[in-house]
Structures are given as C-alpha cells and as structure tokens.
Amino acid sequence: MSYRLAKDAVPGASIDRADEVAFTLDGKRLTGLRGDTVASAMLANGIDACGQSMYLGRPRGIYSAGVEEPNALIDVQRPGHSVRESMLSATTVEIVNGLDAKMLSGLGTMDPRKDTDYYDRKYVHADVLVVGAGPAGLAAARIAARSGARTILMDEKPAPGGWLLGARDEKINDRSASEWVASTIENSKQEREFTYLPRTSVLGSYDSNYIVAVEHRTDHLDKGAANGVSRERIWHVRAKQVI
C-alpha cells in the first residue's frame, strides 16, 4: 500500500507519478517514484522507523525534509559508482533504479575500495551569485539576469521554488506559486549571462566574495555518470555580489 497525498494537494511536488523506481532498503525491495528521496519513498511505503539510537536503542523516526535530518542516516551503493557512501541523509538522496541503501544508527564506515569515479572543478567569475532558489532568490536572480549581469543561481534542491514547493494556495502576481516559479526560472534561462545550478551546495564563503560549492551532476541518474561527464563538480566562484 502506498501512502501519498493526492496530486492536487501538492502542486509543487517534483515527483513523476508515471515513472516507478525500484531500489532496496536493508535488503528489502521497494518501489518509489522518480523524484522521491529515500526518506519520502520510505514514508510512501509505510516505513516510518529509521533505525535505533546509538546508546539506548530507542527507535528513531524521520525528523525533517532536508540536510538538517539528524536521524535517517544511510549507507548507499549507487548504480554505476565504484564505492559505497556512508552517513548520508535519507532526506537528500534521490532514489534511482538499482540503488542499495542501508539504515545506520549514527555510525558509518568508509568504503576501503578505491574511488574510480570522475570528478572535476571549474573556476568562474560572476557579477551576482545567488544562493538559494526560493522566492527571494528567484526574484533576485531574475532581476540581475535581466539587467545583463553575469548571474549564477545555486540551489541544493533538484527543483527551484524553496518553500513554495509545498505551498497549496499561495499566489504571486495573480498566479499559482508553481506557475510563478516555472515562468521565473524559464525566463531567466533565456538570458545569455544566466546559469542555474540545481543540486548544488555551497561549502564555504571566504574573503572578497569567494565561494566554493559542490554540484552533484549524475547521482540522480539510473546508470550513474556517463562517459566524459563528471560525477561531481567543485565550483570556485569569485563574485562582485553574493546574495
């Protein structure tokens, strides 16, 4: 049995209800939908326990919906990748066909095998760097890009919108939140000096607006990284203005 809200109840949801994905969790085969995280697929399958506490063995549940998740920690083997990864938040790992996940109780181990995946880096300058594709970030990036400024918009989520993704009745400029988000990001993409980087987390902010971020480029794909495409890219950005 699947436990999900009706489509109309979550108009900003980024799942594809027509694309079923098969993965394993603690050796049990489960199915979810394209766009699900491990955590959301667990809840859709009626699984709300995510291991036990380290010291007292008390059951733990999924606490949040993002990187702040303290309980639902997992070890994963992604298809097409050479090593397992440990201590990842189930709320941030997107499911793909063939993903193998194991729940952890706060203690993970490093895979001793050699990581043979391909990673790269990029150094860029920007007039404006916007961190976060919520409503404020989208509006700021749109204004900057429209002015002709070299604009980069980074967001850790796979889809833009921030908290608007969960809004049901919110309206902006007489349009639904989901329509406003879609039109704003698409209009920004038409600008020659605009770059949108989803699945990208800022790791550090340093003197003189020097920003370091990591872009997860292929972990959401069934077959992993394609030939010649890096799995992750480290962005080194020097910006005139950071928002």
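The C-beta contact set for the range 183-199 (first residue over 13 Å from A133 (Cα atoms), second residue open to solvent by less than 50 Å² (accessible area, probe 1.4 Å) and assigned to a helix (DSSP H, G or I), distance under 8 angstrom, 6+ apart or interchain) comprises N187/R142; E191/A145; E193/A145; F194/A141; F194/A145; F194/S188. Residues in the range 148-160 that are assigned to a loop (DSSP other than H, G, I, E, B) and surrounded by 16 or more Cβ atoms within 10 Å (Cβ to Cβ): A149, R150, D155, E156, K157, A159, P160.
Which is hydrophobic (A, V, I, L, M, F, W, C) and either closer than 26 Å to I15 by Cβ or loosely packed, with under 14 Cβ neighbours inside 10 Å (or both), of A144, A140, A133? Lay out the reasoning, then the answer.
Numbers: A144 fails: either closer than 26 Å to I15 by Cβ or loosely packed, with under 14 Cβ neighbours inside 10 Å (or both); A140 fails: either closer than 26 Å to I15 by Cβ or loosely packed, with under 14 Cβ neighbours inside 10 Å (or both).
Of the residues listed, the single one that is hydrophobic (A, V, I, L, M, F, W, C) and either closer than 26 Å to I15 by Cβ or loosely packed, with under 14 Cβ neighbours inside 10 Å (or both) is A133.
Which of the strands (runs of 3 or more DSSP E) found entirely inside the range 18-115 contain at least 2 residues meeting this: of a type in the set (K, R), open to solvent by 50 Å² or more (accessible area, probe 1.4 Å) and in contact with a strand residue (DSSP E or B) (Cβ under 7 Å, 6 or more places away or on another chain)?
Details: elements: 28-34, 49-52, 59-61, 73-77, 85-89, 100-104.
Where strands (runs of 3 or more DSSP E) fall fully within the range 18-115 and carry at least 2 residues being of a type in the set (K, R), open to solvent by 50 Å² or more (accessible area, probe 1.4 Å) and in contact with a strand residue (DSSP E or B) (Cβ under 7 Å, 6 or more places away or on another chain), they are 28-34.
Residues of the range 228-243 that are open to solvent by less than 50 Å² (accessible area, probe 1.4 Å) and more than 27 Å from D100 (Cα to Cα): W235, H236, V237, A239.
Return yes when D8 is more than 18 Å from G106 (Cβ to Cβ), exposed (fewer than 15 other Cβ atoms within 10 Å of the Cβ) and of a type outside the set (A, V, I, L, M, F, W, C) and no when it is not. It is true that D8 is more than 18 Å from G106 (Cβ to Cβ), exposed (fewer than 15 other Cβ atoms within 10 Å of the Cβ) and of a type outside the set (A, V, I, L, M, F, W, C).
Tell me which residues, restricted to the range 109-157, are in contact with a His (Cβ under 8 Å, 6 or more places away or on another chain) and modelled with pLDDT under 95. Once the filter is applied, which keeps residues that are in contact with a His (Cβ under 8 Å, 6 or more places away or on another chain) and modelled with pLDDT under 95, the range 109-157 yields only D117. All of (1) touching a Phe, Trp or Tyr at 6+ places or on another chain (Cβ under 7 Å); (2) of a type outside the set (S, T, Y); (3) closer than 28 Å to E232 by Cβ hold for G46 with one exception: (3).
Among the residues of the range 26-79, those that are polar (S, T, N, Q), under 21 Å from V10 (Cβ atoms) and more than 15 Å from the chain's Cα centre (by Cα) comprise T31, N45.
Of all the residues in the range 201-227, those that are without any contact (Cβ under 8 Å) to a residue 60 or more places away in the chain and open to solvent by 40 Å² or more (accessible area, probe 1.4 Å) number 10. Inspect all residues belonging to the range 172-188 and state whether any of them is under 23 Å from K240 (Cβ atoms) and out of contact with any strand residue (DSSP E or B) (no Cβ under 7 Å at 6 or more places or on another chain). Yes, the conditions are met somewhere in the range 172-188.
Any idea which residue in the range 161-184 is farthest from D219 (Cα to Cα), counting only those that are touching a Leu at 6+ places or on another chain (Cβ under 9 Å) and open to solvent by less than 20 Å² (accessible area, probe 1.4 Å)?
A177
The values are calculated or read from the model by the stated rules, or taken from the named source; none is laboratory data. Predicted model, so just to flag it, every value in this text is computed and none were measured. Backbone-built Cβ (ideal geometry, glycine too); neighbour counts: all protein chains shown. All accessible areas refer to the heavy atoms of the entire protein, side chains included, with ligands and DNA or RNA removed. Shrake-Rupley method; radii C 1.70, N 1.55, O 1.52, S 1.80 Å.
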